[in-house]
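Presented below is the structure to which this report refers.
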Amino acid sequence: MQRSVAMLALVGTLAARSALAQPAPAQPALRPWARAELARLSAGPSPLAMPRYDLAVSLADAGRTVTVDETLRYTNTTGAPLREVILRVYANATRPQAPGVQRPVGPALRFVRGSCEGLACVVSAPSDAVLAVQLASPLAPGAAVSIRTRLEGTLLEIAAQRTGLLAQGLESLSSLGASHEDPGDYGLFATGEGIVSLANFYPVLARRNAAGWERSDHGSVGDFGTDDLADIEARFELPEGYTLATSGVTVRVEGVGGRRRHWVSATAVRDFAALCGATLQHESRRVGEVEVRAYYLPAHRAAGRQVLDTAARALATFEQRFGPYPYTDLDVVEAPLVGGAGGVEFSGLVTVASMFYRPPNEALSTSNQGGLAGALGGLLGGQANHTLDAMLPAMLEFVTAHEVAHQYWHGLVGSDSRDHPFIDESLAQWSAAYYIEARHGAARAQHESNQQVRSNYQLMRLMGHPDGPVDRPAGRFDGSLSYAGLVYGKGPFYYSALRREAGDAAFFRALRRYVDTYRFRTAPSQGFVDVLSAEVPARAARFQALRRRWLEEAHGDDDLGRPDLAEMLGPMLGQNGQLDPETRQALQQLGPLLQQLGGAQGAGAGPDLGGILRALGGGAPRPSQGSGSHGMGDLAPMLQDLLQGLQ
Ligand SMILES: [Zn+2]
């Protein structure tokens, strides 16, 4: 007896020692079910082969400059020997362009040096956004190489007044005149109001097509970046006191010489972003196994808490409908986004634009933006504050839900965001409207669908662009208006049409099966309709007919209604949605001007500004700062500035 007790004690001690000796769990950013699922997929007939990026990121100069040392472990999965590996630096694929914004000289990130381990190579930068790795001997299929690079970057500084709602609205308008070869910049690699945004900031493997590596992006609209899964281990050296939000999880923090080193691990992510700052605050809420964390500036606490509430409820709604979310946490971070972007998705982290966090009176403030913004701010005056009081929270809720939906559409279920951008964007829009329905009821969902989805289509039509196919490459849209109108404005209603045809039970079963089928994989453009057809074979022909009608043909005006500016702006400008006859007439006369601004018709002729101003009853331009009621005549200086900005 005694002896066996001694034996037990010995066994117990050994067991305790071996438990102590166990390392921290591998893949700490993944939930247990996702770890098991990845292991299952990796053992399957077409195993996942994820590249691994080791990043050492050092922020200096009060958050204005950054050094990025990367070691990329790449296994050749192309099935053929490779003489060359192409990396892309997507922060350099865009250029800041906005009225009054100086374009920086040179690229955002500068290539310093590169080398390889395991093979001799030469790394060069044939252009700002491309790194070419020439291998001395071919990399055999299945063989691996480690590529080391160093980049040094200077972050674009975004002025606070540029991130207001009105300023961003005007930037969107001005960007309509932007050339196709020069994509706009959304402030992804930038700093503003003490928030440092590091996205697209490290070299990633280029996309591949039948001809090999892709060195350019074919057009300027849509999301840039890779769509493939990767593992990331990152080390950030930040000033003491900085708060850091990233994709993945922070596994360790240590002090080094007056700075802090943060160790971050992210597994099976399609991209990786980090935001940090000395003043960022955060608050979190648990949704089952997942910790949802909202980061925001102290002055924007009310909006930050609304974002947390929305993100947590949206995640719960989506988990119930689409299945479990794969990561242990989800960060929702305020960011100084510009170029009209409302939010941007990354795996495990989404950003929401500062413009939605500001109180209404600040949303309209655009000091230093020039006469245009001042004129519009004055024109809208106090009445607009009242309207914005209701609009801003609704926009913030919708944008947040859209970005959280991307955790499924583009995150968990991958898709080709360059060739078929509708796959994730239209479904994220539909999902945001569905979240509104689940939380606030069908009537409110209908209202928000009109205001935040259908209006994209109607604005496109009002500005003179034709209806057309939704499913086409990002580079084949006629500019950002058409892209927004068709992908964000019309495409989401394709899913509404399928839902009506299939009935709720079959439709939601199919959505769940769609996730089960393509989880951690890449869905083809027909992926969902094929899954739905398999779910209800008797209606398959009808589903395919809806797909053609909504994604390939042009029935938008019949299906979504003819656009009417007065109807669209009624909820914003009128009392209870009603406009007085004078304003209604003025808005109708604005239509032709919008068409010319949209650049679709009469290009080169130039708008008849004088005629339109006379129609609007505008007199001589006069400064219209301050608040109070203003007539439509105040549009005169606004339109003049706008047209000057466009020419
Ligand atoms: Zn989106």
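The values are calculated or read from the model by the stated rules, or taken from the named source; none is laboratory data. The structure presented is a predicted model; accordingly, all values stated were derived computationally and were not measured. Cβ coordinates were reconstructed from backbone atoms using ideal geometry, including for glycine residues, and neighbour counts include every protein chain displayed.
One table, with the values for the structure above:
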| read-out | value |
| --- | --- |
| Residues located in region 210-228, provided they are buried (at least 17 other Cβ atoms within 10 Å of the Cβ) and either modelled with pLDDT of 95 or more or in a strand (DSSP E or B) (or both) | W213 |
| Candidate set: region 326-348, residues that are crowded, with 24+ Cβ neighbours inside 10 Å and of a type in the set (S, T, Y); chosen: the one nearest to the ligand (Cβ to nearest atom) | S347 |
| Residue check, G411 in a loop (DSSP other than H, G, I, E, B), at pLDDT 95 or above, within 14 Å of the ligand (Cβ to nearest atom) and of a type outside the set (D, E, K, R) | yes |
| Spans of helices (runs of 4 or more DSSP H) in region 460-531 with at least 1 residues surrounded by 18 or more Cβ atoms within 10 Å (Cβ to Cβ) and over 22 Å from the mean Cα position of the chain (by Cα) | 491-502, 504-518 |
| Test for V307: is it hydrophobic (A, V, I, L, M, F, W, C) and closer than 24 Å to Q407 by Cβ | yes |
| Some residue of region 42-57 being over 28 Å from V123 (Cβ atoms) and part of a helix (DSSP H, G or I) | yes |
| Qualifying residue in region 79-100 (condition: modelled with pLDDT under 95, surrounded by fewer than 16 Cβ atoms within 10 Å (Cβ to Cβ), assigned to a loop (DSSP other than H, G, I, E, B) and of a type in the set (V, I, T)) | no |
| Lone unmet requirement of (1) assigned to a helix (DSSP H, G or I); (2) within 30 Å of P326 (Cα to Cα); (3) more than 13 Å from the ligand (Cβ to nearest atom) for D419 | (1) |
| Criterion: surrounded by fewer than 22 Cβ atoms within 10 Å (Cβ to Cβ) and either part of a helix (DSSP H, G or I) or within 12 Å of the ligand (Cβ to nearest atom) (or both) - qualifying residue of A443, A428, A432 | A443 |
